[in-house]
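Presented below is the structure to which this report refers.
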Amino acid sequence: MSDWKRVCATGDVGENEIKEFEIDGTKVAVARSGDALHVYPLRCPHMDEPLSTGICDGATVTCSFHLWQWNMITGESTGEAEIDLLIYPSKVEGDALLADLEQELTYD
Amino acid sequence: MRIELAARDGEVAFDCDEDNEILLAGLAAGLGLPYECATGTCATCKASLENGDVNDGWADAPARRMLKTEPREILMCQARPKSDCRLAIRGRLGDSGGYVPSWRSGRLASITPLNHDVLQLEIEPDAPMPFDAGQFMLVDVPDVPGYRGWSMATFDPAGDRLVFTVKLMPGGTVSSWLSDGDRAGTGIRLFGPLGKASFRPDRDNADLLCIAGGSGLAPILAILDHALGSGHLKRHRADIFFGVRSYEDLYCVGRLLEIAAAAPERVGLTFAFSETMPGAAERAALPGVAIAEGFVHEIMGQAMAGRFENILAYMAGPPPMVEAAMRLLVMQGKVPPARIRYDKFS
């Protein structure tokens, strides 16, 4: 089963931005690479820092706490990160970004 | 008491008595426990308490806001055990690397004002405390609760003499203690060395980018001291950026000028003034120094544009400056995180 929920408008997250959104109690971070948007669990798998305080350059997401880095499209670690980033399935319909939040993604 | 600690990559156990902080006991046992500030501000040493009970220590530790209550999380740098404890951390146990820290007694040998609000303190430990350039000690000042993390401001490979620079804070407990009579000769306890933002010329074969703000110059001075003394600056560049509000906030300028003069073609020295630019007479006292107006991280970004490749960056200073410089290095400089070194004190 899928549970597609509207996360934000596609224009809400600009180039090199990573922002926090909360949908029915589920907190996510949304970042942009070119035309694509990516939806991650809000908290860094390392020490729970919100990724929305991190750094996004269109290719890499960096947590600002201990500089763990991931490929923002695949979620794979690109450096010191010991745990890959989880990514919610997402799609764009009209000007809305939707994510499948049927199951909350966690690192535990 | 016995402390068992489960990490992502295994389990360790060590002893800690009820008067000791769990983090410090583990580090002194040679374990690579996670930490940065070791003084309750950064939360890097947080752990869940799965079993047992602890005295939480400093109730107002800033990092406490980042702890969960269910399951109960503690700051290992503050917590002292009331019983045997079982803890779990999210990450891996690091490589303890370098010197194993320990407690030592020492004597505050001298106090020297460097400018209107920075003092130089010299502490002689009763046994050598060797350290890597860039590291810090926890200092237990008599009659002042908690410990202060002070970086060594010179490099002394023997560890016989520890020099610190301390900024006086109006109303601060340590500042009040230092101002209250002649404290030279007082006994002071130290725990260290601590900190991962260190420089070792045999390991760190790279050009250095050093960014210091306000009271953060000390570890940068120790790194430069060692870079000069070890011959590193015969082979590598050092670009040094020191940010202050105005000329009167500068200190240790003579030492910076000496370092720059020793390798003038490979050392770039820039002072950034965020509030008041120095006048002509003041500039004349800073020969060879590039003077710039603005925040030090911004000045650094402009001056270093196109030169970030293969540098090793060290940063120390007020947390907002360190954060801004870190973002600039990652975003603009594409500097890999392993080449960005700082100890988080917030």
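Where a number appears in this text, it was derived from the coordinates with a stated rule and is not lab data. Computed from a predicted model, the values in this text were never measured in an experiment. Cβ coordinates were reconstructed from backbone atoms using ideal geometry, including for glycine residues, and neighbour counts include every protein chain displayed.
For the protein assembly as shown, what does the helix formula give at 222 nm: sum of -39500 (n - 2.57) over DSSP H segments with n ≥ 4, over the residue count, nearest 500 deg cm²/dmol?
-4000 deg cm²/dmol
To the nearest 0.05, what FRET efficiency results for B:Arg8 and A:Asn16 with a Förster distance of 25 Å applied to their C-beta separation?
Once the sixth-power term is evaluated, E becomes 0.20.
Once you put a point 7 Å from the Cα of B:Ala184 and another 7 Å from the Cα of A:Leu86, both along the Cβ direction, what distance in nm separates them?
Rounded to a tenth, the inter-label distance reads 6.1 nm.
Please report the spacing between the Cα centers of the stretch B:80-127 and the stretch B:147-164 in Å, no decimals.
So the separation of the two Cα centres works out to 10 Å.
Name the residue, out of B:Arg283, B:Arg245, B:Arg64, whose mean-square fluctuation peaks in a Gaussian network model built on chain B with Cα pairs under 10 Å.
B:Arg283
Which of these, A:Glu76, A:Glu20, A:Glu93, has the largest mean-square fluctuation under a Gaussian network model of chain A (Cα springs below 10 Å)?
A:Glu93
Cα-Cα over 24 Å: which of B:Lys167/B:Lys196; A:Lys27/B:Lys344; A:Lys5/A:Lys27?
A:Lys27/B:Lys344
At a Förster distance of 22 Å, what's the computed FRET efficiency of B:Arg283 paired with B:His116, Cβ-Cβ distance as r, to 0.05?
According to the calculation, E is roughly 0.65.
How big is the gap, in Å, between the Cα center of the stretch A:5-32 and the Cα center of the stretch B:266-329?
With the stretch A:5-32 and the stretch B:266-329 each reduced to a Cα centre, they are spaced 35 Å.
Take every DSSP beta bridge with both residues inside the protein assembly as shown and express the antiparallel ones as a percent of the total, to the nearest 5.
Antiparallel bridges: around 70 percent, rounded to the nearest 5.
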